[in-house]
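Enquirer: Take a look at this one; I'll ask things after.
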């Protein structure tokens, strides 16, 4: 049984009070399931997650079909899993079979007040969905409300960098206290901004690859293609090219291959497996 206050086991004995009567105040989502039912096991964690996320907007009543055969029959269940939404003592909605979370939310949101989303989480959801301007708007307001919130400041800098406003991104990073500048996310962003500034107007990847096919040791092409990979977060490919550049010409642009590798190590952090691999390769080359 779940430890959540929003999830409980429904039985023939408690059904009237805990489901039918209680639904006058709080919608009750009934999940009829069985231990042998694979789709039931897929569905239940999603329902429990939603019950906790909605934080009292509804309660989840779990009915074990094998242990509660009389109750299962009285609910008219013909297949498992069966989900029924009860409100004011009446079944108002439901579905059969395992459903994706998005579809379950649609059912719930017709009858249950959706939980209020934390603005910071909302900004990140918009960001992940590609709505950079929407995320910027929320984070800018959060920054206005709490200018000392370092997480918001670094996110703002990162979004500004993504939109190409490197100057503002650098200004935000420079405004951070010294101890915050040493945090991994800030160091990672500082390195990314530097790479973006270095990149400038790089030739297309296909053109650089063609040049390297003709001249495998072309230092400029190796460096430029490495930067292209960095900007796409293809870090292993970038580090491989930088090692090749060191092998071809370790003095190119005052040893920029080694410098860039070290900046990449900083950007990704010591726990990154690619960093460990290419740090060893760099050490071998230098010794």
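Just so you know, all these numbers are worked out from the coordinates, no wet-lab data involved. All of these numbers come straight from a predicted model, not from anything done at the bench. Using ideal geometry, Cβ is built from the backbone for each residue, glycine included, and neighbour counts are taken over all protein chains shown.
Enquirer: Answer yes if at least one residue in the range 210-229 is surrounded by 15 or more Cβ atoms within 10 Å (Cβ to Cβ), within 30 Å of residue 148 (Cα to Cα) and without any contact (Cβ under 8 Å) to a residue 60 or more places away in the chain, and no otherwise. Step through it out loud before you land on a result.
Expert: We begin by selecting, within the range 210-229, every residue surrounded by 15 or more Cβ atoms within 10 Å (Cβ to Cβ); these are 211-212, 218-229.
When the remaining residues are screened for being within 30 Å of residue 148 (Cα to Cα), the result is none.
No: zero hits.
Enquirer: While we're on this one: Condition test on residue 48, is it assigned to a loop (DSSP other than H, G, I, E, B), in contact with a strand residue (DSSP E or B) (Cβ under 9 Å, 6 or more places away or on another chain) and free of Cβ contacts under 8 Å to residues at least 60 places away in the same chain? Talk me through it step by step, then tell me what you get.
Expert: Working: assigned to a loop (DSSP other than H, G, I, E, B): no; in contact with a strand residue (DSSP E or B) (Cβ under 9 Å, 6 or more places away or on another chain): yes; free of Cβ contacts under 8 Å to residues at least 60 places away in the same chain: yes.
So residue 48 does not fit the description; no.
Enquirer: Within the range 90-105, how many residues are in a helix (DSSP H, G or I) and over 19 Å from residue 55 (Cβ atoms)?
Expert: Pass one, the range 90-105, residues in a helix (DSSP H, G or I): 101-105.
Going one step further and asking which of them are over 19 Å from residue 55 (Cβ atoms), we end up with 102-103.
Going through the range 90-105 one residue at a time, the tally reaches 2.
Enquirer: Only one residue in 134, 97, 130 is surrounded by fewer than 17 Cβ atoms within 10 Å (Cβ to Cβ) and within 26 Å of residue 33 (Cα to Cα). Which one?
Expert: Details: 134 fails: within 26 Å of residue 33 (Cα to Cα); 130 fails: within 26 Å of residue 33 (Cα to Cα).
That would be 97, the only listed residue that is surrounded by fewer than 17 Cβ atoms within 10 Å (Cβ to Cβ) and within 26 Å of residue 33 (Cα to Cα).
Enquirer: Also, quick follow-up: Across the range 257-281, what is the number of residues that are closer than 17 Å to residue 219 by Cβ and surrounded by 20 or more Cβ atoms within 10 Å (Cβ to Cβ)? Steps first, answer last, please.
Expert: Restricting attention to the range 257-281, the residues satisfying the condition of being closer than 17 Å to residue 219 by Cβ are 257-261.
Add one more test, that the residue is surrounded by 20 or more Cβ atoms within 10 Å (Cβ to Cβ), and what stays is 257, 260-261.
Residues that pass the stated criteria total 3.
Enquirer: A follow-up question, please. Give me the residue from the range 13-29 that is touching a residue at least 60 places away in the same chain (Cβ under 8 Å) and surrounded by 14 or more Cβ atoms within 10 Å (Cβ to Cβ) and, out of that set, nearest to residue 93 (Cα to Cα). First the steps, then the outcome.
Expert: Residues of the range 13-29 that are touching a residue at least 60 places away in the same chain (Cβ under 8 Å), as a first pass: 19-21, 23-24, 27, 29.
If we keep only those that are surrounded by 14 or more Cβ atoms within 10 Å (Cβ to Cβ) too, we end up with 19-20, 23, 27, 29.
Values: 19: 15, 20: 14, 23: 13, 27: 11, 29: 9 Å.
Only one residue fits best here, namely 29.
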